[in-house]
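Trainee: What follows is a single structure, and I will ask about it in a moment.
The values are calculated or read from the model by the stated rules, or taken from the named source; none is laboratory data. Bear in mind that the values here come from a model prediction, so they are computed numbers and not experimental data. We place every Cβ from the backbone using ideal geometry, glycine too, and count neighbours over all the protein chains shown.
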Amino acid sequence: MLGSTGSIGRQALEVIAGSSDLTVVGLSCGSNAELLLEQALEFGVPHVAVAHAKKAAVCSSLHPEGVVWSGPDAAAQLVREVDADLVLNGIVGFAGLEATLAALGRGVDLALANKESLVCAGCMVRAAALATGARLIPVDSEHSALFQLMLGRETSEIDSLVITASGGPFRGWARDALCTVTPKQALAHPTWNMGPKITIDSATLMNKGLEVIEAHHLFDIPYERIEVVVHPQSIVHSLIRLVDGALLAHLGLPDMRVPISYALHYPRRLPVGKNLMDLARTGMLFFEEPDEEAFPSLSVARAAGLQGDGATCVLNAANEVAVHAFLAGRLMFSGIPEVVAETVHREAVDAPTTFAEVVDLDYRTRAAAEMVVAELTQNG
Ligand SMILES: NC(=O)c1ccc[n+]([C@@H]2O[C@H](COP(=O)([O-])OP(=O)(O)OC[C@H]3O[C@@H](n4cnc5c(N)ncnc54)[C@H](OP(=O)(O)O)[C@@H]3O)[C@@H](O)[C@H]2O)c1
């Protein structure tokens, strides 16, 4: 389990604690080695990986036969060296890509929460899965819903995919009002409790843009047949539109443990806590178009998707830089889509063909995006 100290990772461990079918053989984190060690001792896990090398020493009291990998590629090393039936990738950001490719390259099924893997190198990830026959099982709630709705269905029956978006904490706000948004406001998501990066992405609607790209690669559906609809209650997780006009929806309470458990046990289903939804008490469900004037990230992401993997890799790196700058107080909230759009405009290139080229493009883009942040800040 990669990214075990994060929101997805901690909820996945809850699911595993309640399941007699699953044994964890490896854990990874970025820098929170204290929590990683606690988890390793609680679940009896002998192999751990810590990306921040200086923090790895904390794990020296692991099981005497345990192994600790450290450094930026530690999670990928863990995946390459420890045998597992399934890898759950809950790492945030570009840092998750190498481990995704490592798992699929070994032919190991992958439960993928790290959507950035598909955004940065979708074609490469798909090719790796195809080459070894490893299965890619989505963890993102919308994609898990789509995956379930599409099971056993012919592609010719499907007209389009409809991904729902909560709209985030600023739904209904005008573009000008978004200039004053603080990190604290943006981190308060109305329906989901998630890590900071995806929470900011949800507030800008970039998360939905990344999810459109993710859906395109997971289900091999052209961009023009992937719709986004805002649904503030987050009860309908996604829908598929069939060619005869029928719409099939997947409903449930907003609880990430459900799609996590589904991915971990696939194709079986097991109970997950007490999350039965009372339809009569749920009340009204409503749907509206996303406001792409106030939240331009969605259209910027779509346009990058249409350009291809080079542009989406640039989009992702620029977004990671912009979100980081916003959280550090160096960029206004409304500056996030500006930085991303300008960086994609300046830097978008043909799709990289090797992992080394993707890493190089990500690295160069981060420097370019930092320059755009600095220019925007100087210009007020
Ligand atoms: N949270 C959700 O409900 C949710 C829903 C759908 C999809 N997702 C996707 O799932 C992924 C994880 O999201 P999250 O909300 O769980 O994020 P999070 O709470 O921030 O956790 C991220 C995890 O990645 C680790 N990490 C950070 N930087 C790393 C690096 N450089 N190398 C290796 N590991 C690193 C973190 O370790 P430390 O704790 O040591 O920093 C942590 O374990 C994201 O791609 C997100 O889009 C999340």
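Trainee: Please work out which one of (1) farther than 20 Å from residue 90 by Cβ; (2) without any contact (Cβ under 8 Å) to a residue 24 or more places away in the chain; (3) in contact with a Ser or Thr (Cβ under 9 Å, 6 or more places away or on another chain) is the condition residue 184 fails and give its number.
Mentor: Checking residue 184 against (1) farther than 20 Å from residue 90 by Cβ; (2) without any contact (Cβ under 8 Å) to a residue 24 or more places away in the chain; (3) in contact with a Ser or Thr (Cβ under 9 Å, 6 or more places away or on another chain), the one that fails is (3).
Trainee: Do the conditions hold for residue 315, that is, is it farther than 15 Å from residue 94 by Cα and either part of a helix (DSSP H, G or I) or in contact (Cβ under 8 Å) with a residue 60 or more places away in the chain (or both)? Before the answer, list the steps.
Mentor: On the way: farther than 15 Å from residue 94 by Cα: no; either part of a helix (DSSP H, G or I) or in contact (Cβ under 8 Å) with a residue 60 or more places away in the chain (or both): yes.
No, not satisfied.
Trainee: Looking at the stretch 24-43, which of its residues are closer than 20 Å to residue 80 by Cα and away from the ligand (no atom under 11 Å from the Cβ)?
Mentor: Looking only at the stretch 24-43, we keep the residues that are closer than 20 Å to residue 80 by Cα, and these are 24-30, 36, 40.
Residues satisfying the conditions are 24, 25, 26, 40.
Trainee: Separate question: In the stretch 330-358, how many residues are touching a Pro at 6+ places or on another chain (Cβ under 7 Å) and outside any helix (DSSP H, G or I)?
Mentor: 0
Trainee: With the condition kept exactly as written, say whether any residue in the stretch 263-279 is over 22 Å from residue 139 (Cβ atoms) and either of a type outside the set (A, V, I, L, M) or more than 18 Å from the chain's Cα centre (by Cα) (or both).
Mentor: yes
Trainee: Also: Do the conditions hold for residue 56, that is, is it touching a strand residue (DSSP E or B) at 6+ places or on another chain (Cβ under 7 Å), over 25 Å from residue 311 (Cβ atoms) and within 13 Å of the ligand (Cβ to nearest atom)? Break it down into steps so the answer makes sense when it comes.
Mentor: Numbers: touching a strand residue (DSSP E or B) at 6+ places or on another chain (Cβ under 7 Å): yes; over 25 Å from residue 311 (Cβ atoms): yes; within 13 Å of the ligand (Cβ to nearest atom): yes.
Answer is yes for this residue.
Trainee: Sticking with this structure for a sec: In the set 285, 361, which member is of a type in the set (A, V, I, L, M, F, W, C) and part of a loop (DSSP other than H, G, I, E, B)? I'd like the intermediate steps shown before the answer.
Mentor: Working: 361 fails: part of a loop (DSSP other than H, G, I, E, B).
When all the criteria are applied, what remains is 285.
Trainee: Another question about this same structure. Would you check if there is a residue in the stretch 18-30 being closer than 13 Å to residue 68 by Cα and more than 20 Å from the chain's Cα centre (by Cα)?
Mentor: Yes; the residues of the stretch 18-30 include at least one that is closer than 13 Å to residue 68 by Cα and more than 20 Å from the chain's Cα centre (by Cα).
Trainee: Just to check your reading of the model, which residue among 85, 21 is at pLDDT below 95, within 25 Å of residue 269 (Cβ to Cβ) and more than 9 Å from the ligand (Cβ to nearest atom)?
Mentor: 21
Trainee: Just to be sure before I move on: is residue 116 out of contact with any helix residue (DSSP H, G or I) (no Cβ under 9 Å at 6 or more places or on another chain) and within 26 Å of residue 265 (Cβ to Cβ) in the structure I sent? Can you show your working first?
Mentor: On the way: out of contact with any helix residue (DSSP H, G or I) (no Cβ under 9 Å at 6 or more places or on another chain): no; within 26 Å of residue 265 (Cβ to Cβ): yes.
Spelling it out, it is not the case that residue 116 is out of contact with any helix residue (DSSP H, G or I) (no Cβ under 9 Å at 6 or more places or on another chain) and within 26 Å of residue 265 (Cβ to Cβ).
Trainee: Then there's this: Wholly within the stretch 19-79, which strands (runs of 3 or more DSSP E) include no fewer than the required count, namely at least 1 residues that are acidic (Asp, Glu)? Don't jump to the end; show me each part of the working.
Mentor: Values: elements: 26-29, 47-50, 67-70.
Filter on the stretch 19-79 gives an empty set.
Trainee: Yes or no: the stretch 60-67 includes at least one residue that is of a type in the set (Val, Ile, Thr), within 16 Å of the ligand (Cβ to nearest atom) and touching a residue at least 12 places away in the same chain (Cβ under 8 Å).
Mentor: At the first step, the residues of the stretch 60-67 found to be of a type in the set (Val, Ile, Thr) are 67.
With within 16 Å of the ligand (Cβ to nearest atom) added as a condition, the list becomes none.
For the stretch 60-67, residues of a type in the set (Val, Ile, Thr), within 16 Å of the ligand (Cβ to nearest atom) and touching a residue at least 12 places away in the same chain (Cβ under 8 Å): absent.
Trainee: Among the residues of the stretch 69-108, what is the count of those that are crowded, with 21+ Cβ neighbours inside 10 Å and either farther than 20 Å from residue 124 by Cα or touching a His at 6+ places or on another chain (Cβ under 6 Å) (or both)?
Mentor: 3
Trainee: Restricting attention to the stretch 122-141, which residues are part of a helix (DSSP H, G or I) and either farther than 20 Å from residue 357 by Cβ or touching a Cys at 6+ places or on another chain (Cβ under 7 Å) (or both)? Steps first, answer last, please.
Mentor: Restricting attention to the stretch 122-141, the residues satisfying the condition of being part of a helix (DSSP H, G or I) are 122-132, 141.
Matches in the stretch 122-141: 132, 141.
Trainee: Considering only the stretch 168-190, state which residues are over 16 Å from residue 334 (Cβ atoms) and either among the aliphatic types (A, V, I, L, M) or touching a helix residue (DSSP H, G or I) at 6+ places or on another chain (Cβ under 9 Å) (or both). Break it down into steps so the answer makes sense when it comes.
Mentor: Just the residues of the stretch 168-190 that are over 16 Å from residue 334 (Cβ atoms), to begin with: 184, 187-190.
Passing the criteria: 187, 188, 189.
Trainee: Follow-up. Please work out which residue is farthest from the ligand (Cβ to nearest atom), limiting yourself to the stretch 1-18 and to residues that are surrounded by 18 or more Cβ atoms within 10 Å (Cβ to Cβ) and assigned to a loop (DSSP other than H, G, I, E, B).
Mentor: Top of the filtered list is 1.
Trainee: Name the single residue, out of those in the stretch 203-238 being more than 13 Å from the ligand (Cβ to nearest atom) and part of a loop (DSSP other than H, G, I, E, B), that is nearest to residue 158 (Cα to Cα).
Mentor: Among them, the one singled out is 221.
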